[in-house]
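These notes concern the structure reproduced below.
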Amino acid sequence: MAGRILDNEFDNYSYIVGIDFGTTFSGCSYIYIKSSINEIFDITDWPKRSGYIYPKVPTVLFYEQNSKNLIAWGYDAIQRAKRPDTMGVLIDKFKLHLDHSQTYPALPNGLTVLEVITDYLREFNLYIHTCLKDKLGVIYNSSNFKYCLTVPAIWDDQAKAIMREAAVLAGIVDRSDNPDRLILTSEPEAASLYCEKKSGQFNLKHGQRFMICDAGGGTLDLIVFEIDTSSGDASLREVTKGSGSTCGSTFLDRNMRDLIIKRFGTYADGNKEIIDNLIDHFVASTKPQFDDEDDEFFTIPISLGLNEEILANIGVADGRLQVTVDELREDVFEPVVKQVLDLISDQINQSRTQIDAIFLVGGFGQSRYLGRRVKEIFKPKVGSIYVPSRGEMAVVRGAVMFGMDPNKVTHRILRRTYGLRCGSIFDALRDPPEKKYIDYDGVTRCHDRFSIFATKGESMAVNKCVSNEYFVFYPGPFNSDLFAYDFDGSSPRYTTDLGVRKVAKFSKELSIFTNVKLGDKIFFTTNMYFGKTEIMIETLIRGEKFTYTSSFASHELEKTSS
């Protein structure tokens, strides 16, 4: 594997499996890459789904009370949680805990986000392999699968590393596998491949730009891509720094719940089950179909046991709760939709060059109201606005396409500045005295200098290698710990500056070298590849090459002789 950043040889794999791990729903698609048909198949028959026809499975878990023992997942978890006098804890929307720009309450039962994601992926993976084994019969072989897992573009490197570790712990891949057996791609990037596949249908050609607005249950991701057909086959390059926020459709649910609780007032606590049923109706019916034209009437499933005056104040008549179209628009939809519109506007401003199309994908992207508002605001500025068919499957199908051709996206825009910590020559005019030290060779140096490899906003080719040479005094140890700086403006001087944080630890004791004395300088080269979804690092020391990925445990992946 040394020196290779992606494995493009598919001899060892017969199938590519795409996994869209979502905030509210997760999906799976796959393809047999050795077939001339080249058809992507979706897994849509999920366990315990009853009459629900949505092609994905809920991202929810049900645990024993005060325990880390998992009882059920998906639709089964929801059904068990609704049973009378059930004893257990339903956990949902836990993906949001990997958005480190926000703070969320601790998960129940002492569970960590790594544990719950691992539990979910384990059950998810076991089920999809049960399906694949049934469909493939005697040709099924679990070692013949390669995976592509999608992550939000707004996630930092630590969040992506946790997802990779969860996939390993869940048994999707083994820790000893070539790291390229599981590749990560951003959700809007996967969606862009799905939409580019349809670009002929939308008359998009070489040099034209389109925006992906991936509006899911918990997150919104946006990136602008440019189509490049100069080499024959179409490829894509990012031309804006992706942006996004936690403003998906689950926040519509939250707003709706707040509205209903406000209506019920002091009677809300005694009618939690009824309020939950009203929210279920909103999620399944009102939310996707809302078009800003009619009031909504929610049937109350059981008697509230309240007198007529109280019911009238709540807004209940003839067993139905009336919510006006104005309330739905102003209190439920607009607070979230306005965030989406602002983020789209930011991407248009970043692009500077004309954007020829906007694609609305993801579950929330299929919302009639969101589509109408986007067209109202941006139709004069953008060539066309599309809601492609099966848009809720755009990300997971695009993940399969990415797994087939990881170099389809040729350039990415860096979302942060990256570098290593090193000791540099001390500058008495710029460096504070407390960072001053005398090194083994008698030279005065400065602690904690930020040696920059790549800068935020820089366009990076996927296979571009950025190299720097360093040295360590034998016997070491050496480290290539990676730091990131998220803020805009000039780059920091020190790794201890505000906004700088360690994102991966790559340390190792030096090997025993012959003809090397204690205190001799051992020079090494660090190569970094920033153009992939995950950062890859190579360190070359005296004929030995160590290859790392920014994994959760930051373990060494491979050591070979050059």
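The values are calculated or read from the model by the stated rules, or taken from the named source; none is laboratory data. A quick note: this is a predicted structure, and the numbers were derived from the prediction, not measured. A quick note on method: Cβ atoms are made from the backbone with ideal geometry, for glycine too, and the neighbour counts reach across all protein chains shown.
Yes/no matrix, rows are residues, columns are (1) in a helix (DSSP H, G or I); (2) out of contact with any helix residue (DSSP H, G or I) (no Cβ under 6 Å at 6 or more places or on another chain):
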| position | (1), (2) |
| --- | --- |
| Lys375 | yes, yes |
| Ile385 | no, no |
| Val396 | yes, yes |
| Asn407 | no, yes |
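Of all residues in the range 35-64, those being touching a helix residue (DSSP H, G or I) at 6+ places or on another chain (Cβ under 7 Å), over 18 Å from Ala399 (Cα atoms) and of a type in the set (A, V, I, L, M, F, W, C) number 4. Among residues of the range 207-236 that are without any contact (Cβ under 8 Å) to a residue 60 or more places away in the chain, those with a beta-carbon under 9 Å from a residue that is of a type in the set (S, T, N, Q) and part of a strand (DSSP E or B) at least six positions away or on a different chain give the pairs Ile227/Ser235; Thr229/Ser235.
Scanning the range 528-545 for residues that are farther than 26 Å from Thr185 by Cα and modelled with pLDDT of 80 or more yields Leu540, Ile541. Here Tyr418 clears all of (1) outside the structural domain of Leu204 (by TED's automatic domain parsing); (2) under 17 Å from Met211 (Cα atoms) except the condition numbered (2).
Of the strands (runs of 3 or more DSSP E) entirely within the range 410-474, those holding at least 1 residues that are in contact (Cβ under 8 Å) with a residue 60 or more places away in the chain and surrounded by 14 or more Cβ atoms within 10 Å (Cβ to Cβ) occupy 417-425, 444-454, 459-461, 466-473.
So which residues in the range 501-522 are at pLDDT 80 or above, closer than 12 Å to Pro475 by Cα and part of a strand (DSSP E or B), if there are any at all? Lys521, Ile522 - these are the residues of the range 501-522 that are at pLDDT 80 or above, closer than 12 Å to Pro475 by Cα and part of a strand (DSSP E or B).
Out of the range 416-470, which residues are among the hydrophobic types (A, V, I, L, M, F, W, C) and under 20 Å from Ile537 (Cβ atoms)? Let's see the steps before the verdict.
First, the residues of the range 416-470 that are among the hydrophobic types (A, V, I, L, M, F, W, C): 420, 422, 425-426, 428-429, 438, 443, 446, 450, 452-454, 460-462, 465-466.
Selection gives Leu420, Cys422, Phe450, Ile452, Phe453, Ala454, Met460, Ala461, Val462, Cys465, Val466.
One residue stands out among those in the range 221-242 that are buried (at least 20 other Cβ atoms within 10 Å of the Cβ) and among the polar types (S, T, N, Q): the one that is farthest from Ala357 (Cα to Cα), which is Ser235. Checked against (1) among the polar types (S, T, N, Q); (2) crowded, with 21+ Cβ neighbours inside 10 Å; (3) free of Cβ contacts under 8 Å to residues at least 40 places away in the same chain, Ser192 passes all but condition (3).
Entry remark, the range 485-540: residues being free of Cβ contacts under 8 Å to residues at least 40 places away in the same chain and of a type in the set (Phe, Trp, Tyr) number 2 in total. Among the residues of this structure, Asp180 does not count as one that is without any contact (Cβ under 8 Å) to a residue 40 or more places away in the chain and surrounded by fewer than 24 Cβ atoms within 10 Å (Cβ to Cβ).
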